[in-house]
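Below is one structure; the comments refer to it alone.
The values are calculated or read from the model by the stated rules, or taken from the named source; none is laboratory data. All values reported here derive from a predicted model rather than from experimental measurement. Cβ coordinates were reconstructed from backbone atoms using ideal geometry, including for glycine residues, and neighbour counts include every protein chain displayed.
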Amino acid sequence: MGLSRRRGRELALRTLFSVEIGHHDPMTALDEALVGASSADARAFVKDLVCGTLEHAEQADALIGPLLEGWTIERLPTVDRLLLRMGVFELQHRPEVPRPVVINEAVELAKKFSTEDSGRFVNGVLSVASRLVA
């Protein structure tokens, strides 16, 4: 593929963050993120994650919201919110990716880019969400 799946997810997260915080156009943000991605497969993977996450954000929020126990989606750290949405998108719409892989990748990105407790939090929410997804 020319780009590891983890690196692809990291690029997708960075792109989603740019769209969410910087209010950048998703396609422009994607083009900028994919400058270094050499293969068509890599570009397609990142684009699928970004576009799918954005397209299905409300659906993901509806699944995640009740699992937050005293929190709202809006109050979550931005990176956590985006990782949960991206994870739910993959759980719901990319059944070929094993659920433990989706959860582990989101946890690793949370540990790298968010708060000290984010890995554990993302793991807990996505673990429950994975059982709710048909």
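The residue that is surrounded by the fewest Cβ atoms within 10 Å (Cβ to Cβ), counting only those in region 37-50 that are among the aliphatic types (A, V, I, L, M) and at pLDDT 95 or above, is 49.
Do you know which residues across region 1-36 are surrounded by 16 or more Cβ atoms within 10 Å (Cβ to Cβ), over 11 Å from the mean Cα position of the chain (by Cα) and of a type in the set (Val, Ile, Thr)? Once the filter is applied, which keeps residues that are surrounded by 16 or more Cβ atoms within 10 Å (Cβ to Cβ), over 11 Å from the mean Cα position of the chain (by Cα) and of a type in the set (Val, Ile, Thr), region 1-36 yields only 19.
Conditions tested, residue by residue: (1) within 16 Å of residue 8 (Cβ to Cβ); (2) modelled with pLDDT of 95 or more; (3) assigned to a helix (DSSP H, G or I).
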residue	(1), (2), (3)
35	yes, no, yes
52	yes, yes, yes
86	yes, yes, yes
106	yes, yes, yes
116	no, no, no
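Please state which of the following conditions residue 133 fails to meet, knowing it meets all the rest: (1) touching a residue at least 60 places away in the same chain (Cβ under 8 Å); (2) buried (at least 21 other Cβ atoms within 10 Å of the Cβ); (3) more than 11 Å from the chain's Cα centre (by Cα). Checking residue 133 against (1) touching a residue at least 60 places away in the same chain (Cβ under 8 Å); (2) buried (at least 21 other Cβ atoms within 10 Å of the Cβ); (3) more than 11 Å from the chain's Cα centre (by Cα), the one that fails is (2).
Taken over region 54-75, the criterion of being hydrophobic (A, V, I, L, M, F, W, C) and outside any loop (DSSP other than H, G, I, E, B) is satisfied by 54, 57, 60, 62, 63, 64, 67, 73.
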